[in-house]
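The values are calculated or read from the model by the stated rules, or taken from the named source; none is laboratory data. All of these numbers come straight from a predicted model, not from anything done at the bench. All Cβ positions, even for glycine, are placed from backbone atoms using ideal geometry, and neighbour counts span all protein chains on display. In case anyone asks, the SASA skips ligands and DNA or RNA and just uses the protein heavy atoms, side chains included. Shrake-Rupley method; radii C 1.70, N 1.55, O 1.52, S 1.80 Å.
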Amino acid sequence: MDFPTELISYLHAATRVAVLTGAGVSQESGLRTFRDAQEGLWAQYRPEDLATPEAFDRNPRLVWEFYAMRRLKAGEVLPNAGHIALAEIENRFPAFTLITQNVDGLHQRAGSQSVIELHGNITRARCSKCDFFLEKWADSGDDVPPCPHCGGLLRPDVVWFGETLPAQALSAAIEAARHCQAFFSIGTSGLVQPAASLAFAAKERGAVIVEINAEPTPLTPSADFFFQGSSGKILPQLSRALN
Ligand code: OAD
């Protein structure tokens with residue numbers, strides 16, 4: 001891929017960069033996206049049955065098992081060339097913030113240091129009653145494990161539809177978007193708020209918007225640069241072009 005010289009020169013001079021990633025970045029690791037018409041998780045399952053507080057109240061075991069399955073899968077796969085390139089690119093900028101909607105922990109495993117998890121992380125659990133956080137727990141596979149603190153049901157430490165995002169993560173993401181000189185939106189459909197509005201907040205403050213996606217999205221008409229294709233191919237090329 002040939003990147004426009006004006007973009008590479010701009011990035012060479014930039015010191016503050018923010019990146020928003022979505023499920024597309026992990027697709028080449030073998031994890032399913034949400035909205036792909038055939039392969040997406042929400043093509044097979046209804047989010048109302050698995051990713052809302054009401055669904056957990058109705059059938060905690062079904063919801064726990066859905067996330068246990070995804071946790072297992074995320075643990076089996078490896079970060080791909082796109083995750084690794086983002087960790088390399090981070091080192092080129094004095095202020096670099098990676099904001100992710102992904103809950104799979106692959107950015108951290110690839111070596112990214114400054115990661116804001118907007119939607120939580122499936123490798124962690126927390127108590128649905130007392131909010132006690134856990135990184136490890138015994139899972140018999142038969143039932144939802146109890147909180148060691150109060151006995152309440154454990155739930156995955158992720159954000160469900162209808163829930164608010166972790167306040168600190170969201171304010172740090174807004175701050176990074178408002179103060180960056182370049183904002184990258186990578187592998188996200190841009191359909192879920194408030195994450196989707198971050199690129200527009202960055203643009204309003206004068207940042208250059210760069211989008212990398214397999215398909216055009218609602219952001220594409222507002223992007224200064226749109227690179228269509230897979231992030232696992234384009235990001236390593238970008239990292240080399242910045243050398
Ligand atoms: P989506 O499934 O909505 O979108 C994935 C995007 O990645 C699409 O725009 C694809 O075109 C693109 N894509 C797929 N493969 C790609 C690849 N190899 N390289 C580059 N782009 C690729 O996933 P998200 O935008 O992450 O929230 O979804 C946002 C939120 O909706 C998720 O965090 C999740 C979901 O419901 C919660 O669970 C709260």
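Report the charge-dipole magnitude of the range 1-143 in Debye, nearest 20, computed about the Cα centre from +1 at each Lys and Arg Cβ and -1 at each Asp and Glu Cβ. Write down the numbers at each step before the final one.
Values: 15 positive and 20 negative charges, 49 e Å.
The dipole magnitude comes to about 240 debye.
Translational diffusion of the range 158-205, estimated by Stokes-Einstein from the Kirkwood radius over alpha carbon pairs at 20 °C in a medium of 1.002 mPa s, is 187 µm² per second. Remark on the range 152-243: hydrodynamic radius 14.6 angstrom, per the Kirkwood mean of 1/r across alpha carbon pairs. In this simple spin-label approximation, TYR45 and SER197 carry label points 7 Å from Cα along the Cα→Cβ vector, and these lie 2.8 nm apart.
Entry for the chain at q = 0.10, 0.11, 0.16 Å⁻¹: log10 I(q)/I(0) = -0.48, -0.58, -1.14, Debye formula applied to identical alpha-carbon scatterers, no solvent contribution. By the Stokes-Einstein formula, at 1.306 mPa s and 10 °C, the range 51-98 with its Kirkwood radius over alpha-carbon pairs has D equal to 117 µm²/s.
Using a Förster distance of 35 Å, how high is the FRET efficiency between ASP139 and ALA214, based on the Cβ-Cβ distance and rounded to 0.05?
Numbers: r = 34 Å, r/R0 = 0.98.
That pair, ASP139 with ALA214, gives E of 0.55.
For the chain, the longest principal axis of the C-alpha atoms and the axis of helix 167-179 are separated by about 10°. Accessible surface computed residue by residue for the range 129-243, with neighbouring protein chains in place and a 1.4 Å probe, gives 51 Å² per residue.
Of the chymotrypsin sites (Phe, Trp or Tyr not before Pro) found in the range 148-243, those in coil by DSSP whose Cβ has at most 16 other Cβ atoms within 10 Å are PHE161. A DSSP coil position with no more than 15 other Cβ atoms inside 10 Å describes the following chymotrypsin sites (Phe, Trp or Tyr not before Pro) in the range 116-149: PHE132, TRP137.
Taking the Cα centre of the range 56-117 as reference, the dipole from Cβ charges on Lys and Arg (+1) and Asp and Glu (-1) amounts to some 160 debye.
3J(HN,Hα) along the range 206-212, derived from phi through the Karplus expression 6.51 cos²θ - 1.76 cosθ + 1.60 where θ = phi - 60°, amounts to x, 6, 7, 9, 10, 10, 10 Hz, with x in place of Gly and Pro.
Would you work out what percent of the accessible area of the chain, with all protein chains in place, is carbon or sulfur (probe 1.4 Å)? Before the final figure, lay out each step's value.
Details: 6070 of 11740 Å².
In the chain, the share of accessible area belonging to carbon and sulfur is 52 percent.
Pairing the Cα long axis of helix 81-90 with the longest principal axis of the chain, what angle in degrees results, from 0 to 90 and rounded to the nearest 10? For helix 81-90, the angle is close to 70 degrees. With Cα atoms defining each centre, the range 75-117 and the range 1-33 are spaced 11 Å apart in the structure.
Using a simple charge model, +1 on the beta-carbon of Lys and Arg, -1 on the beta-carbon of Asp and Glu, nothing else, what dipole does the chain show about its Cα centre, in debye to the nearest 20?
300
For the chain, give the share of DSSP beta bridges that are antiparallel, in percent and rounded to the nearest 5; count only bridges with both residues there.
Details: 8 of 31 bridges.
The antiparallel proportion sits near 25 percent.
Treating each Cα of the range 65-156 as an identical point scatterer and ignoring solvent, apply the Debye formula and state log10 I(q)/I(0) at q = 0.11, 0.19, 0.23, 0.24 Å⁻¹. Relative scattering, expressed as log10 I(q)/I(0), comes to -0.39, -0.90, -1.11, -1.17. Per residue, the convex hull spanned by the Cα atoms of the range 1-84 amounts to 147 cubic angstrom. Among the GluC sites (Glu not before Pro) in the range 1-103, those placed in a DSSP loop whose Cβ has at most 12 other Cβ atoms within 10 Å are GLU39.
What 222 nm value per residue comes from the helices of the chain, counting each DSSP H run with n ≥ 4 as -39,500 (n - 2.57) and dividing by all residues, nearest 500 deg cm²/dmol?
-10000 deg cm²/dmol
Between the helical axis of 60-76 and the longest alpha-carbon principal axis of the chain there is an angle of about 50 degrees.
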